[in-house]
Amino acid sequence: MREIPRSVEREFRTLDLGDERREQRARRIVSSFLMAPAVSIPVACGSGADTKAAYRFLSSDVSPRALRTAQYEAVVERIGQRRRVLAVHDKTNLDFTCCPGTEGLGPLDSPLCRGLKVQTVFLLDDAGVPLGVIDQRVWAREEKVGKRRTRKQRAPEEKESWHWRQGFEAVQERVPADVEIVGIADRESDIYFVLAMPRREGMHLLVRSAHNRAVDSEEHRSLREAVEAAPVAGEYELKLGRTRKRGERTARLEVRIAPVVLKPPRHGQNGQGLPPIRLSAVWVRERGEVPKGEPRVEWLLLATWPVEGLEEALECVEMYAHRWKVERYHYVLKSGCRIERLQLETADRLERALALYSFVAWRLLWLTYQARRRGSNPCTEALDEDEWQVLLAVSGARRRRGPPTLQEAMRLIAGFGGFQGRKGDGDPGVKAIWQGWRRLMDFVLAARALTHR
């Protein structure tokens, strides 16, 4: 029987499924998934009995909400004494078109594709290190035709876009009142009822604008006019991380700042009954040449707090630059945990599996960024004693009296995943870490089996 890592015990310490045996089974399944990401459930579980128990658990009436709640509580506990956190919000598709027999799925963005919609709020600390998922919503779209034509007539609560507001509302309910929150989202969340949502003290929003909204001003008619008329507050160099659309590079940006008052929409119900909103617009635009085939950086950010001067504007830009980490979380779920390859019979079972794999994806991403930001910390905050000892033994690292630093340990683990560690390679990415992590866990399992013979 496999041991349950300390990280899993801590994460699911408050898990309440109404049955202690089920709670322990959930921890053992998560432990198996964590030790062997990117493989099928039978391979991760290791034995026929454990595989059967895992499928039985996923087929049970266990509430995915209960599995997530334990993780939300662990995230709040990790906030600790921090005075500010970043809540980055994004939506993605889980495509199970390859599993036509799975019941309960719905159409995705293409009517030929079927799966589940997932909307995640990912909590980060001020340094951008992931603290975990603080809210996650999963649903299957209804099989209805023509709803797009009636979207202006439908109440906001009846639309998918309402999930953006619900996600931010959940964050301000769960995070302690004395902690400042900056909710960050991309252009899809530029919805009037999101920007105008009631917010507690210390809850702010930073949203990338998608619409050239009308403004309440004698000098300008639209948001774009107002920011284009504002003087350049300064220039700034921003290091951009690698995404599917661009490589890693440094962009030179010019910054403009404009206080604006947005008018509610005149048509539809998104702004019905809502007052004008006073916001700060921060417009950053890339200057000079950009690599061929890559889009020029241009962000028009809307902040719900007063932004005065270049320093505060740059703080907004740096905070928004962390938003893509929720996309990296979804990437790890899909590629590192291969959740879209699960072959389960119903959407309910897939949702339970997602609730368990959610911890695995966060943990792998946390290892990556914690090692970058706080690499001098001892690796014991991430690895059990026998894990770092096996790591040193198998990697051929020089003998030492105590555990290595977290940065040293992650580079050794990434080495198992193909990371070369050459002078210009920089820090290892999450893919090298999850590939190396799986190999390390195989070595650890072998060492434990030999120890207990």
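The values are calculated or read from the model by the stated rules, or taken from the named source; none is laboratory data. Everything numeric in this text was worked out from a predicted model, so none of it was measured. A quick note on method: Cβ atoms are made from the backbone with ideal geometry, for glycine too, and the neighbour counts reach across all protein chains shown. The protein model used for the area step is the full one, side chains on, heavy atoms only, and it has no ligands, DNA or RNA in it. Shrake-Rupley method; radii C 1.70, N 1.55, O 1.52, S 1.80 Å.
Pairs Lys239/Lys423; Lys91/Lys325; Lys117/Lys325; Lys292/Lys423; Lys159/Lys325; Lys117/Lys334: which exceed 21 Å Cα-Cα?
Result: Lys292/Lys423; Lys159/Lys325 exceed 21 Å.
Treating the beta-carbon of each Lys and Arg as +1 and of each Asp and Glu as -1, no other charges, what is the dipole magnitude of the stretch 67-198 about its Cα centre, to the nearest 20 debye?
With only Lys, Arg, Asp and Glu charged at Cβ, the dipole is about 560 debye.
Cα atoms only: what Rg and Dmax, in Å, come out for the chain?
According to the Cα coordinates of the chain, Rg and Dmax are 23.4, 82 Å.
Percent of accessible area on the chain owned by carbon and sulfur, 1.4 Å probe?
The nonpolar share, carbon plus sulfur, comes to 45 percent.
For the peptides 161-171, 48-58, what is the packing order when you average, over each peptide's residues, the other Cβ atoms within 10 Å and list the highest mean first?
161-171, 48-58
DSSP beta bridges in the chain, what fraction antiparallel, as a percent rounded to 5?
Here the share of antiparallel DSSP bridges comes out near 80 percent.
If r is the Cβ-Cβ distance from His267 to Glu235 and R0 is 35 Å, what FRET efficiency results, to the nearest 0.05?
Once rounded, the FRET efficiency stands at 0.35.
Taking only protein heavy atoms into account and a 1.4 Å probe, give the accessible area per residue of the chain in Å².
That works out to 49 Å² per residue.
Counting only other residues whose beta carbon sits under 11 Å from that of Asn93, what net charge do I get with K and R as +1, D and E as -1?
+2
Counting alpha carbon pairs within less than 8 Å and at least 6 residues apart, what relative contact order, in whole percent, applies to the stretch 355-413?
Once divided by the residue count of the stretch 355-413, the mean separation gives 43 percent.
Given a Förster radius of 35 Å and the C-beta distance between Gln24 and Glu157 as r, what FRET efficiency does 1/(1 + (r/R0)^6) yield to the nearest 0.05?
Efficiency for this residue pair is about 0.35.
Between Asn377 and Arg83, what is the FRET efficiency for a Förster distance of 25 Å, r being their Cβ-Cβ separation, to the nearest 0.05?
That pair, Asn377 with Arg83, gives E of 0.75.
Order the peptides 291-303, 428-440 from the highest to the lowest mean number of other Cβ atoms within 10 Å of their residues.
Final packing ranking: 428-440, 291-303.
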